[in-house]
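Presented below is the structure to which this report refers.
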Amino acid sequence: METTATTTKPGILSGIQPTSVLTIGNYFGALKNWATMQDEFDAYYMVANLHAQTVKMDPAELRRRSAETFALFLAAGIDPARSTVFVQSHVPEHTQLTWALMCNAYMGELSRMTQFKEKSAKTADNINAGLFTYPVLMAADILVYQAKYIPVGADQKQHVELTRDIAIRFNNMYGETFVIPEPYIPKIGARVMSLQEPEKKMSKSDPNPNGYIRILDEPDVIIKKLKRAVTDSEGEITGNPERAGVYNLLSIYSVCTNGSIEDSVAHFAGKGYGDLKSGVADAIIETLKPIQTEYARVLADKAYLNEMMKRGAERAQATARKTVRKVYHKMGFDT
Ligand code: ATP
Ligand code: LTN
């Protein structure tokens, strides 16, 4: 369980907000890749619960979802012996560094963040200051661990660019302090699209549950959602990306079976959409089964779960504390 205090591997950090139960998009686009990166990198993976309150969440629900998301990380193969896996609020250095960075971030640059514009348009009755300063908290998440590579989807790239700008600005003003991070797009990544609107990505906050498959969905739910998946009227199964619905199903089959799109097309050659849908449903069920079994085991063992959270937070804090101390000292704060 113990790791060495110093490592020469480049640091990576990523996080997922525990706003809802994770989908197979989160699994194939994030968690599965995170698990494969654990040996090559000094990996930090966190449940971004502080971020989740920028849209109002019921406190009891947030607490429960934070623990469940942590359990799901472990079930999906994030190994606490090889990675530092933790819950954001357990490490107060994130918010301490946020204040220091906030004084070095500009209203203008925060106003340009696409996600802020989109989310404030959606929740016009709750444009809180946290929604606006959210990217500074994200910058603190990254910089507090001196992480070099940040595995994120396209929608978060802008926030990583902002983090770079803040870090460069800070280094110029106060002297070399932060490693300058870069967005990291994994070699094997998958973008899973909505089953109902295959031009849009599958999203855990989609109001239509038929659009997504949750990692914890039961087999009968998966079969039902696949039956309702949008295809087209052509009838033939080919690997044409412009036929978004069919292509998405073939892509999901490919990531489940670790094959290529061509392999999937060959597998379904001459078959109809009914076979495609049931084949994809079976592949998803098979892929999720071991994760669901492990999730149930981990979640039932509260002592183990709490112990893993505690150890993860301690490990994370050991690194984070050093950065905050350095930054506060440079800025003229005594602690
Ligand atoms: P929300 O609906 O709350 O915005 P989301 O399901 O889009 O959530 P995020 O929490 O924004 O997910 O993303 C967490 C991680 O999962 C990110 O690394 C993101 O790139 C990845 N991810 C999310 N959805 C997909 C998807 N459909 N395909 C591939 N990767 C995805
Ligand atoms: N904002 C991200 C989650 C997140 C994150 C991070 C990702 C919070 N802090 C630091 C990478 C690095 C999201 O909503 N997907």
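Computed from the coordinates by the stated procedures, all read-outs in this text should not be read as laboratory data. These numbers come from a predicted model, not from an experiment. When we count neighbours, we look across all protein chains shown, and the Cβ atoms used for this are built from the backbone with ideal geometry, even at glycine.
Observations, loosely collected:
- Amide H within-cut-off set for ILE150, under 5 Å, with H built and near neighbours excluded: GLU182, TYR184
- Pairwise label distance in nanometres, ASN306 with LYS9, each label 7 Å out on the Cα-Cβ vector: 3.0
- For the chain: relative contact order, % (alpha-carbon pairs under 8 angstrom, 6 or more apart): 22
- When each of the peptides 133-142, 14-23 is scored by how many other beta carbons lie within 10 Å of its residues on average, the order from highest to lowest is 133-142, 14-23.
- Of the trypsin sites (Lys or Arg not before Pro) found in region 154-200, those that fall in a DSSP loop while having at most 16 other beta-carbon atoms within 10 Å are LYS187, ARG191, LYS200.
- Under a 5 Å amide H cut-off, with hydrogens placed 1.01 Å from N, PHE333 pairs with nothing among residues at least 5 apart or on other chains.
- Build a GNM of the chain with springs between Cα atoms under 10 Å apart, and of ALA52, ALA71, ALA318 the one that fluctuates most is ALA318.
- Candidate aspartates and glutamates for bridging to LYS119, where Cα separation is under 15 Å - those fewer than 8 sequence places away on the same chain excluded: ASP155, ASP206
- Among beta bridges identified by DSSP and lying wholly in the chain, the antiparallel ones come to about 10 percent.
- Top positive-direction residue, dipole computed over the chain with Cβ charges, set THR335, HIS159, TYR253: THR335
- 11 Å beta-carbon shell around ILE24, net charge (K/R +1, D/E -1): +3
- Residue-by-residue Karplus 3J(HN,Hα) for region 282-299, coefficients 6.51, -1.76, 1.60, Hz, glycine and proline x: 4, 5, 5, 4, 4, 5, 7, 3, x, 5, 5, 5, 5, 4, 4, 5, 5, 5
- Count, lysine Cα pairs under 21 Å in region 162-228, 8 or more residues apart or across chains: 10
- Where only C-alpha atoms are counted, convex hull volume of the chain per residue in Å³: 144
- Candidates ALA43, ALA81, ALA229, ranked by Gaussian network fluctuation over the chain, Cα under 10 Å, top entry: ALA81
- 19 Å reach of a label modelled at GLN115, 7 Å along Cα-to-Cβ, counting backbone N of region 14-37: 14-34
- Straight-line cross-link reach from LYS326 at under 26 Å between alpha-carbon atoms covers these lysines, not counting any fewer than eight positions away in the same chain: LYS9, LYS148, LYS310.
- Applying both filters, DSSP loop and at most 13 other Cβ atoms within 10 Å, to the GluC sites (Glu not before Pro) of region 1-110 gives GLU2, GLU40.
- Taking Cβ atoms as reference points and 12 Å as the exclusive limit, the residues near GLY130 contribute a net charge of +2, counting Lys and Arg as +1 and Asp and Glu as -1.
- Candidates GLY272, GLY25, GLY245: whichever shows maximal mean-square fluctuation once the chain is modelled as a Gaussian network with Cα springs under 10 Å: GLY272
- With each label modelled as a point 7 angstrom along the Cα→C-beta vector, the ASP155-HIS329 pair spans 4.0 nm.
- Close amide H pairs (under 5 Å, H built 1.01 Å from N) link ALA43 with ILE12, THR84, residues at least 5 positions away or on another chain.
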